[in-house]
Amino acid sequence: MDAVVVNFRRGRHRQKTNQLILQIKGSDDKKKAEKYVGKKVVFTSPAGKKINGEISSAHGNSGAVRARFERGLPGQILGRKVKVE
């Protein structure tokens, strides 16, 4: 299943580059988003390197989720697709 990277998790002064907000296809409310908590997420870079993460919680009421990755990701990831397993 695919998800689109919406943004980094951020505050007013800082952004956490290893935590991302994802919009999963078909998830349009908080109840559906909570079903994905604990699922694995994989981003494959253009060079073929895989970076693993895990969905940690729902984000807001419109079906978005938060995912925590093992390392920081570059800004070019915004708008790209990741795999949810």
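Quick note: the coordinates plus some simple rules give every number you see, no bench work behind them. It should be emphasised that the depicted structure is a prediction, and the values quoted were computed from it without experimental measurement. All Cβ positions, even for glycine, are placed from backbone atoms using ideal geometry, and neighbour counts span all protein chains on display.
The convex hull built on the alpha-carbon positions of the chain has an orientation-averaged projected area of 5.2 nm².
Here the Karplus relation 6.51 cos²θ - 1.76 cosθ + 1.60, evaluated at θ = phi - 60°, turns the backbone of region 8-20 into coupling constants of 7, 6, 8, x, 5, 10, 9, 10, 9, 6, 9, 10, 10 Hz, with x for every Gly and Pro.
Helices in the chain, meaning DSSP H runs of at least 4 residues, each add -39500 (n - 2.57). Divided by all residues, the mean residue ellipticity at 222 nm is -1000 deg cm²/dmol.
Sort Leu22, Leu78 by Cβ crowding within 10 Å, fewest neighbours at the top. Can you show the working numbers first?
Details: Leu22 25, Leu78 13.
Fewest to most other Cβ atoms nearby, the residues stand as Leu78, Leu22.
What's the local net charge at His59, with K and R +1, D and E -1, over the other residues with C-beta under 10 Å away?
Details: positive: Arg9, Lys30, Arg66; negative: none.
So the surrounding residues net to +3.
Along region 46-60 the Karplus relation, 6.51 cos²θ - 1.76 cosθ + 1.60 evaluated at θ = phi - 60°, assigns HN-Hα couplings of x, 7, x, 7, 9, 10, 9, x, 9, 6, 9, 6, 6, 10, x Hz to successive residues, with x for each Gly and Pro.
Restricting to Cα pairs below 8 Å that are 6+ residues apart, what does the relative contact order work out to for the chain? Please round to a whole percent. Please list the in-between numbers first.
Values: 198 pairs, mean separation 32.2, N = 85.
Relative contact order for the chain comes out at 38 percent.
Region 55-85 and region 1-42 have their alpha-carbon centroids 4 Å apart.
With neighbour counts taken as other beta-carbon atoms within 10 Å, the residues Arg68, Arg12 rank, fewest first, as Arg12, Arg68.
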